[in-house]
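A.B. asks: Below are the structure tokens for one structure; questions will follow.
The values are calculated or read from the model by the stated rules, or taken from the named source; none is laboratory data. Not measured: the values here are computed from a predicted model. A quick note on method: Cβ atoms are made from the backbone with ideal geometry, for glycine too, and the neighbour counts reach across all protein chains shown. These accessible areas exclude ligands, DNA and RNA; they are computed on the full protein's heavy atoms, side chains included. Shrake-Rupley method; radii C 1.70, N 1.55, O 1.52, S 1.80 Å.
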Amino acid sequence: MSNPKLQKINGVRGMNDLLPADAQQWTHLENAVRDLTRAYGYELLKTPIVESTPVFQRGIGEVTDIVEKEMYSFEDRLNGEQLTLRPEGTAALVRAVIEHNLLYDGPKRLWYTGPMFRHERPQRGRYRQFHQFGIEALGFAGPDIDAEIILMGQRLWDELGLRGVRLEINSLGQADERAQHRTALIAYFEKNASALDADSQRRLKTNPLRILDSKNPEMQALIEGAPRLLDFLGPESLAHFEAVQDLLKANNVPCKINPRLVRGLDYYNLTVFEWVTDALGAQGTIAGGGRYDPLIERMGGKSAPACGWAMGMERVLELMKVSESLPEATNLCDVFVLHQGGETLRTALVAAEEMRSAGIDVVLFCAPDGQAASFKSQMKKADASGAAYAVIIGPDELARNEAQLKDLRGGEQQRAIPLDGLLGTVIDALVATSE
Ligand code: HAM
């Protein structure tokens, strides 16, 4: 039997490696979100991946799928503290904003990105470790900021070339309006209790609004007939909702009111929204968010309004693939340097460093077995690297204080160049090819 100590160890289910072949696309997306945050004056705030569990219990709400079933929580072995791998960014960011008193001099526009953890059943577009990019605007009460953050999303989808993304929007009103709606909702569902599935029976007692979110096809007719929260909104909530829609319209951003959009986290009020697509199968929500005015006070801070959204980076990348808007892969390097070991290696290494100092991307051949390899096999690597030029330094070239410059993509003749003029010649050659 094979030695169990030598058996390979696999990654954790639902948690993916990012492989080099996909890394450029990931960087492209990260660059796009950085540009977006700069364009709107949002500042980066990073929180740790681990928080004390009450941050999420209190922030997201005890009666939510995330807190009830999906959190990776554990006890700190040394002091017994209850800790949780963050399942989302908002509650953690609000914890940090309160802890560092960031709102002391007025509102803040913030963003973050990083891994999140939810113990869900893995499937296409749904992972146990996934990545979010999120923006949060804290301290602003008006509909202007709701519109701003939605416009940011729209701009990002356009920038990334996403096709078939719909904006769905709803208003959850204020607590008293939800309370009245809740009473009507409970009465309606109690009257129809026999038609509720087990999950909804449970929700009826804890969080009846979430029944509206049920995906069970057998319950859809019942849900269609349920009292609508929008019909319980007072004039102020309605005015806020209408103002957001009006600002979106002024910017030609179409949106569809979805009265059943309730979101899976308990901190929201007034505007909530999601961007959805039919192109990704069951996990078609690429981003979601809304206003969460009650959260800062609920987390122990001085009451202040806020709103934001987060997108699933894996889902957005998948949609870019479907939309055929992923960027072309770029080359590994500009120049590939070949040598024959010994003195030629020494010279090649110095030349490579000089070129890098001048801003040229250079890969130096390194033999897997530490021995010099034939130029033929090195040239195969040079071709595969996508470099524009190969610089060849063999013993003959070195004896003449020269290197060979080989054009790997154009029709230029291979030529000998003096070593002391190598950098200048390579720069000229690269500039000429990029023109
Ligand atoms: P959320 O809707 O739970 O909201 O997550 C935001 C996005 O993260 C989803 O639309 C989806 O694209 C992605 N996502 C969620 N779970 C998974 C998963 N298991 N696998 C892959 N992607 C996933 C929030 O987290 C709120 N913090 C958003 C927010 C910010 N609200 C206000 N500010």
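A.B. asks: Using only C-alpha positions, report the orientation-averaged shadow area of the convex hull of the chain, nm², one decimal.
C.D. replies: For the chain, averaging the hull's shadow over all directions gives 30.4 nm².
A.B. asks: Debye calculation, C-alpha points only, no solvent: report log10 I(q)/I(0) for region 335-428 at q = 0.11 Å⁻¹, in the same order as the q values.
C.D. replies: Log-scaled intensity ratios, in q order: -0.26.
A.B. asks: Just going by the charge dipole of region 310-390, with Lys and Arg at +1 and Asp and Glu at -1 on Cβ, which of G359, L349, A329 is farthest out on the positive end?
C.D. replies: The residue sitting most towards the positive pole is L349.
A.B. asks: Percent of accessible area on region 335-428 owned by carbon and sulfur, 1.4 Å probe?
C.D. replies: 51
A.B. asks: Taking amide H positions as placed in the peptide plane 1.01 Å from N, state which residues far from N16 in sequence (5 or more) or on other chains have amide H under 5 Å from it.
C.D. replies: Q129
A.B. asks: Can you work out the accessible area per residue across region 223-305, with the rest of the protein chains kept in place, probe 1.4 Å, in square angstrom?
C.D. replies: 43
A.B. asks: Once amide H atoms are built 1.01 Å from N in the peptide plane, which residues 5 or more positions from T53, or in another chain, come under 5 Å H to H?
C.D. replies: Excluding prolines and chain starts, which carry no amide H, the hits are Q82, L83, T84.
A.B. asks: Further question on the same structure: Can you pull the percent of region 101-225's accessible area that's carbon plus sulfur, 1.4 Å probe, other chains left in place?
C.D. replies: C and S fraction of accessible area: 50 percent.
A.B. asks: Report P(r) for region 55-196: all Cα-Cα distances, bin width 10 Å, range 0 to the bin holding the largest distance, values in whole percent.
C.D. replies: Spelled out per bin, shortest first, that is 9, 24, 35, 24, 7, 0.
A.B. asks: Structure shown: which of K215/K249; K321/K381; K215/K256; K46/K108; K69/K256 lie over 21 Å apart, alpha-carbon to alpha-carbon?
C.D. replies: Beyond 21 Å: K215/K249; K321/K381; K69/K256.
A.B. asks: What FRET efficiency do you get for Y104 and R38 if R0 is 35 Å and r is their Cβ-Cβ distance, rounded to the nearest 0.05?
C.D. replies: 0.90
A.B. asks: Three principal axis extents, largest first, for the C-alpha atoms of region 1-96, in Å?
C.D. replies: 61, 40, 27
A.B. asks: Taking K and R as +1 and D and E as -1, what net charge do the other residues with C-beta under 13 Å from the C-beta of D383 add up to?
C.D. replies: +4
A.B. asks: When the chain is fully extended, how far beyond the present Cα-Cα distance does A179 get from W26, taking 0.36 nm per residue of separation?
C.D. replies: Net length gain for the segment: 50.8 nm.
A.B. asks: With r as the distance between the Cβ atoms of E324 and A243 and R0 = 41 Å, compute the FRET efficiency 1/(1 + (r/R0)^6) and round to 0.05.
C.D. replies: Given R0 = 41 Å and the Cβ-Cβ separation, E is 0.65.
A.B. asks: Moving on. Leaving out ligands and nucleic acids, note down the accessible area per residue over region 335-428 with a 1.4 angstrom probe, in whole Å².
C.D. replies: That works out to 53 Å² for each residue.
A.B. asks: Calculate the all-directions average of the projected area of region 237-335's alpha-carbon convex hull, and give it in nm².
C.D. replies: One quarter of the hull surface, i.e. the mean projection, equals 10.5 nm².
A.B. asks: Heavy atoms only, probe 1.4 angstrom, no DNA, RNA or ligands counted: give me L280, L419 ranked by accessible area, highest first.
C.D. replies: Descending order: L419, L280.
A.B. asks: While we're looking at this one, here's another question. Which of the peptides 246-255, 170-179 is most tightly packed, and how do the rest follow, going by the mean number of other Cβ atoms within 10 Å of each residue?
C.D. replies: Going from most to least packed, we get 170-179, 246-255.
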